[in-house]
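The values are calculated or read from the model by the stated rules, or taken from the named source; none is laboratory data. Computed from a prediction, not measured in an experiment: that's the story for all the values here. Using ideal geometry, Cβ is built from the backbone for each residue, glycine included, and neighbour counts are taken over all protein chains shown.
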């Protein structure tokens with residue numbers, strides 16, 4: 001009788017214990033999304049010249065949790081995204097984006113920015129709401145070249161970017177909502193991430209420069225003046241007199257036709273489109289430069305006496321004058337939030353970067369800083385993470401940084417650096433609250449315990465993010481486990 005009672009009590013206890021464990025069990029999947037860069041830039045008008053098109057890339061990692069193992073889910077699921085603040089109707093009605101729709105086929109011959117069904121699409125064919133494709137190199141689901149664009153939302157908290165052309169402020173920190181479904185269509189995970197895009201700071205100086213030279217303080221006036229200034233260099237080419245579409249009006253001109261720009265996804269300058277004409281009175285001939293766009297642009301501004309005397313005496317260190325400017329704090333990550341580190345402490349100032357030939361072939365890992373130290377040849381006053389011997393796999397792509405293109409943590413090196421730590425220049429904890437939402441939500445769902453001075457906005461440092469039966473105590477050493 002006693003044995004029967006004991007067996008019954010043991011069974012009840014076991015049932016209670018296992019029920020408690022089941023109730024406390026962590027979700028079987030972890031979903032982490034990031035934008036590849038902390039800020040992309042686009043132009044407010046595309047009638048004159050193009051620096052960068054609307055082009056953002058999102059990466060999502062879906063991990064299946066086990067008690068002692070973690071696997072990257074590469075098939076059998078559907079990963080999709082939608083941009084909360086952008087719709088086809090909103091962008092088509094935006095006069096600045098309408099300039100992109102009009103000029104994109106001229107700037108990228110053969111490309112249609114609106115597809116046959118009326119959807120706005122990016123240069124890689126991705127819509128504002130679309131599915132993602134698995135990329136074995138990054139071990140993530142990827143959507144490349146999404147045509148997101150800063151818009152006016154009416155929310156003063158979000159509309160922080162000043163319009164350099166005098167319109168209402170715009171929102172540069174857009175939101176991508178991610179949904180993961182299994183083969184039956186059931187949702188197995190969701191998350192959201194910031195998709196940042198802002199206008200570059202060119203207009204801040206160039207509109208004033210146009211007015212100072214008797215031209216209208218407009219994009220058209222700036223383009224005309226830029227053409228005459230460009231004609232003073234060794235090429236003698238007045239870009240404002242180039243007529244790529246043959247309509248008798250100068251522009252639109254893509255700088256990377258002549259100057260190679262890896263940010264455009266090209267390793268060499270493609271040259272001028274077939275049928276490009278010159279306006280009457282032009283005395284130059286078209287040719288390609290041997291110098292990269294990054295090299296000529298930065299070198300000219302850094303070495304210009306006029307720039308330093310009339311527009312920015314500290315151009316060598318004042319990165320926000322151009323990247324991206326307009327009161328958008330694109331560098332907002334943990335390094336900025338917790339310390340006084342500035343861009344030049346890691347990358348070097350423009351004078352140093354030019355001397356070190358960093359921009360001759362820009363965006364290469366060899367010329368970029370890493371977690372272990374600043375760019376080659378740069379001495380930083382700050383201590384980097386030199387003592388951390390993090391197991392890591394890296395690869396080369398458009399943006400060649402070891403952090404952007406790196407998988408580390410855990411012995412199997414499957415987790416993207418950015419999945420746990422956030423996008424480059426927006427590392428968690430970020431000064432921009434929106435960047436911290438994903439990590440905060442994940443830590444909240446896991447009941448993560450933090451040491452003094454840490455909170456839910458920090459990098460993903462709980463074993464339960466990837467495992468089911470591990471500790472939920474946050475630790476900066478979690479990355480070394482498996």
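Only one of 168, 164, 147, 172 is under 19 Å from residue 98 (Cα atoms), touching a residue at least 60 places away in the same chain (Cβ under 8 Å) and more than 17 Å from the chain's Cα centre (by Cα); which?
None of the others qualify; the one that does is 164.
Do we find that residue 285 is free of Cβ contacts under 8 Å to residues at least 12 places away in the same chain, touching a strand residue (DSSP E or B) at 6+ places or on another chain (Cβ under 9 Å) and farther than 20 Å from residue 321 by Cα in this structure?
Taking the combined requirement at face value, the residue satisfies it.
Do we have residue 210 as touching a helix residue (DSSP H, G or I) at 6+ places or on another chain (Cβ under 6 Å), assigned to a loop (DSSP other than H, G, I, E, B) and farther than 19 Å from residue 161 by Cα here?
No: the conditions fail for residue 210.
Restricting to the stretch 457-475, give me the number of residues that are over 26 Å from the mean Cα position of the chain (by Cα), assigned to a helix (DSSP H, G or I) and in contact (Cβ under 8 Å) with a residue 24 or more places away in the chain.
Adding up the residues that qualify gives 1.
Out of everything in the stretch 372-407 that is buried (at least 19 other Cβ atoms within 10 Å of the Cβ), over 20 Å from residue 341 (Cβ atoms) and modelled with pLDDT of 85 or more, what residue ends up being farthest from the chain's Cα centre (by Cα)?
The extreme case among them is 407.
For the stretch 97-107, which residues satisfy the criterion of being crowded, with 17+ Cβ neighbours inside 10 Å and free of Cβ contacts under 8 Å to residues at least 60 places away in the same chain?
Those that are crowded, with 17+ Cβ neighbours inside 10 Å and free of Cβ contacts under 8 Å to residues at least 60 places away in the same chain: 97, 99, 100, 101, 104.
Could you list, in sequence order, all residues of the stretch 266-283 that are over 33 Å from the mean Cα position of the chain (by Cα) and either closer than 19 Å to residue 111 by Cβ or assigned to a loop (DSSP other than H, G, I, E, B) (or both)?
Passing the criteria: 275, 279, 280, 281, 282, 283.
Kindly indicate the residue of the stretch 48-62 that is modelled with pLDDT of 95 or more and surrounded by fewer than 23 Cβ atoms within 10 Å (Cβ to Cβ) and also farthest from residue 247 (Cα to Cα) among those meeting that condition.
The qualifying residue farthest from residue 247 (Cα to Cα) is 57.
Which of the residues that make up the stretch 66-96 are in a loop (DSSP other than H, G, I, E, B) and either surrounded by 13 or more Cβ atoms within 10 Å (Cβ to Cβ) or at pLDDT 95 or above (or both)?
Of the residues in the stretch 66-96, the ones in a loop (DSSP other than H, G, I, E, B) are 67-69, 73-77, 84-87, 94.
Within the stretch 66-96, 73, 74, 75, 76, 77, 84, 85, 86, 87, 94 qualify.
Got a number for residues in the stretch 219-238 being within 19 Å of residue 100 (Cα to Cα) and crowded, with 21+ Cβ neighbours inside 10 Å?
The total comes to 3.
Looking at the stretch 246-265, which of the residues that are surrounded by fewer than 14 Cβ atoms within 10 Å (Cβ to Cβ) and out of contact with any strand residue (DSSP E or B) (no Cβ under 7 Å at 6 or more places or on another chain) is nearest to residue 109 (Cα to Cα)?
Across the stretch 246-265, the extreme among qualifying residues is 247.
Under 6 Å between Cβ atoms, which residue pairs at least 6 apart in sequence (or on different chains) link something in the stretch 53-67 that is closer than 23 Å to residue 113 by Cβ with a partner that is at pLDDT below 95 and crowded, with 22+ Cβ neighbours inside 10 Å?
From residues that are closer than 23 Å to residue 113 by Cβ, the pairs are 54/42; 56/40; 57/36.
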